[in-house]
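A short write-up of the structure that comes next.
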Amino acid sequence: MSSFAVLGCAEVVTLAGPARPRVGLELRELAVIRDGALLIRDGRIEFAGPRSELKIQGDIETVDAGGRIVMPGFVDAHTHPVFAGNRADEFEKRAEGATYQEIAAAGGGIRSTVRRTRAASEDELVKAASRYADWFLRNGTTTIEAKSGYGLTLEDELKLLRAIARIEAPRTVPTFLGAHEIPDEYRGEREKYVGIILQEMLQKVAGIAKFCDVFCEPRVFPIADARRILEAARSQGLGLRMHADQLENGGGALLAAELRVSTADHLEHTDAAGIAALKKSGVQPVLLPGSVYALGAHKYADARAMIDAGLAVVVATDFNPGSSPTPSMPMILSLAATQMKMTPAESIVASTINAAYSLGLGAETGSLEPGKRADFVIHDCADHRELAYFFGIEPAFEVYIEGRRVYSKRAS
C-alpha cells in the first residue's frame, strides 16, 4: 500500500513536541489524540490528528485499528542481537547461587559466547539473529541499535557487522563493540588486545559501524583504556557510546561526560556527581533494568534522580544471551515502572523519541508527525498505560516500518 489511512484508533500516541530529546516534565507529555487517525503516503506520515479532521480524497485503502491504540514503534537503543548458542546453563548456575562475576572468572560469560560465535558461520549467525529479530517485531520494536562484540578478532567482528546488516527488520543501527571483553588468547595481556583494537580494528570497521562502544569497568576496560579506544574511534568518524558503572562505580559516567559521548548505558552504580556530569555534558543515559532483573540483582539505576536532574533518559532491553535475554520492550516498561518508579508515559517517551535521538534518528522516527517515517504499531489495548501494566504478553497487534506491514495478528 503506497497510501492508506489508519482509522478506528482509541488513541493515537503521537509524541509530537520539541525537535530534541525530552526532559523533565516533558517526559510525561505524549500528545495523545483520542479517536485519532493517520494518513500514510509513500512510507511517510502525511497526517496525524483527529479523525474528524482527516479529509480522504478518492479511493484510498484503510486499516482498521479496531478501537486499539496506535503509537510509534519502540526504538531499542541497546541490544546485542547476533551470537551463537545461549547461556541457559549459566542461568541455571545463577539460580543455584553462582554470581555473574564468578561464572565469568571461570571462563563463562561473554567469553563462552565468543567461543561459540567464532565457530559459527555468517549464515548461521544470520539465521539465529533472524529468529530474534522476529521477537523484536512481535513486541512492537521497529528500530534496534545492534552491537557486535562476540567475535573479538577483526575477522569475527566484521562477520558480526555483516550479519547485522543482513537483518531485514527491524531497522538496525550497527555499533562496533570490540572492547566488550578480553578474549581468551589475551588473558593477562590486556594492553596487547587494546593495541589490536586501536591499530587493526577501528580503521576497518569505520564506515560499516555507526558507533563504537566500550565496556568500561575496572576489571575489563578501565578508564585509561576506554578513553584511548573512544578517542581513536572518534578520530575515525565513529559516534561514541559506553557501558558505564554497571558492576561498580568505576568513573565511567565521568569519562562519558568528559568525552561527551552520545550515551552512557547501564549506570546502576553512578552517583550524584556522575549524574551531574552527564547533565552538564548533555549525555543521554540508557537505562537497562532487564539486566538487573535477569541477574537477580537489586540495584537499579536511579532513574528518578536522573529525570529530576534534567537528563533525557532512555530505556532499552539490553537483549543479550547472558545478562538480559529479553527482546520485550513492554517488559522493560513494566520494570521501569515497578523498579525505577518511572510513570508509563515517561517510559514510553524514553523508549521511542528519546531513544531515537540517542541514535541520531530523532528527525526521522520515534514520533508520529508529518514528514517522519511511518514506523508505528497498533497495540491490542485501548489505553497506553496498559503497555506497562500488563506484563509477560506481546501487545503488538500490527507493526509497520516505513508504511510496510512487517508483523500482524490479523486473521487473513
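Tally time: how many residues in the range 173-228 are crowded, with 22+ Cβ neighbours inside 10 Å, within 21 Å of the chain's Cα centre (by Cα) and among the β-branched types (Val, Ile, Thr)?
Final tally of qualifying residues: 4.
Tally up the residues in the range 359-412 that are closer than 25 Å to VAL173 by Cα, out of contact with any Pro (no Cβ under 8 Å at 6 or more places or on another chain) and in a loop (DSSP other than H, G, I, E, B), please.
12
For the range 336-356, what are the residues that are surrounded by fewer than 24 Cβ atoms within 10 Å (Cβ to Cβ) and under 23 Å from LYS147 (Cβ atoms)?
Within the range 336-356, just MET340 meets the criteria.
Yes or no: ALA77 surrounded by 21 or more Cβ atoms within 10 Å (Cβ to Cβ), touching an Asp or Glu at 6+ places or on another chain (Cβ under 7 Å), more than 18 Å from GLY371 (Cα to Cα) and modelled with pLDDT of 95 or more?
yes
Which number in (1) among the β-branched types (Val, Ile, Thr); (2) in contact with a helix residue (DSSP H, G or I) (Cβ under 9 Å, 6 or more places away or on another chain); (3) more than 22 Å from ILE144 (Cα to Cα) marks the one condition that THR62 misses?
Here THR62 meets the rest and fails (2).
Looking at the range 329-358 only, could you name the residues that are in a loop (DSSP other than H, G, I, E, B) and more than 20 Å from GLU268 (Cα to Cα)?
Result: THR352, single match.
Looking only at the range 167-181, count every residue that is more than 18 Å from TRP135 (Cα to Cα) and part of a loop (DSSP other than H, G, I, E, B) and tell me the total.
Final tally of qualifying residues: 2.
Would you confirm whether or not the range 29-52 contains a residue that is surrounded by 19 or more Cβ atoms within 10 Å (Cβ to Cβ) and among the acidic types (Asp, Glu)?
No, the range 29-52 has no match at all.
Can you tell me which of LEU154, LEU125, LEU158 is surrounded by 23 or more Cβ atoms within 10 Å (Cβ to Cβ) and over 20 Å from ASP265 (Cα atoms)?
Residue meeting the stated conditions: LEU125.
With (1) open to solvent by less than 10 Å² (accessible area, probe 1.4 Å); (2) over 18 Å from VAL286 (Cβ atoms); (3) in contact with a strand residue (DSSP E or B) (Cβ under 8 Å, 6 or more places away or on another chain) as the list, and ALA163 as the residue in question, which single condition is left unmet?
Just one mismatch for ALA163, condition (3).
Would you be able to tell me the number of residues in the range 189-233 that are assigned to a loop (DSSP other than H, G, I, E, B) and either aromatic (Phe, Trp, Tyr) or farther than 19 Å from GLU155 by Cβ (or both)?
Total satisfying the criteria: 8.
Counting only residues that are in contact (Cβ under 8 Å) with a residue 60 or more places away in the chain and of a type in the set (D, E, K, R), how many does the range 144-161 have?
Total satisfying the criteria: 2.
From the list GLY371, GLY403, GLY366, which residue is within 16 Å of the chain's Cα centre (by Cα), over 30 Å from ALA297 (Cα atoms) and modelled with pLDDT of 95 or more?
GLY366
Counting just the residues of the range 51-76 that are free of Cβ contacts under 8 Å to residues at least 24 places away in the same chain and among the polar types (S, T, N, Q), which one comes out nearest to ILE40 (Cα to Cα)?
GLN57
Quick one: ILE69 ticks every box in (1) of a type in the set (A, V, I, L, M); (2) closer than 30 Å to LEU288 by Cα; (3) assigned to a loop (DSSP other than H, G, I, E, B) except a single one, so which number is it?
(3)
Taking PHE136 and the conditions (1) closer than 26 Å to SER367 by Cα; (2) open to solvent by 60 Å² or more (accessible area, probe 1.4 Å), which numbered condition does it fall short on, given that it satisfies the others?
Going through (1) closer than 26 Å to SER367 by Cα; (2) open to solvent by 60 Å² or more (accessible area, probe 1.4 Å) one by one, PHE136 breaks only (2).
The values are calculated or read from the model by the stated rules, or taken from the named source; none is laboratory data. Computed from a prediction, not measured in an experiment: that's the story for all the values here. Note: ideal-geometry Cβ built from the backbone for every residue, glycine included; neighbour counts use all protein chains shown. To get the accessible areas, we keep the full protein, side chains included, count just its heavy atoms, and leave off ligands, DNA and RNA. Shrake-Rupley method; radii C 1.70, N 1.55, O 1.52, S 1.80 Å.
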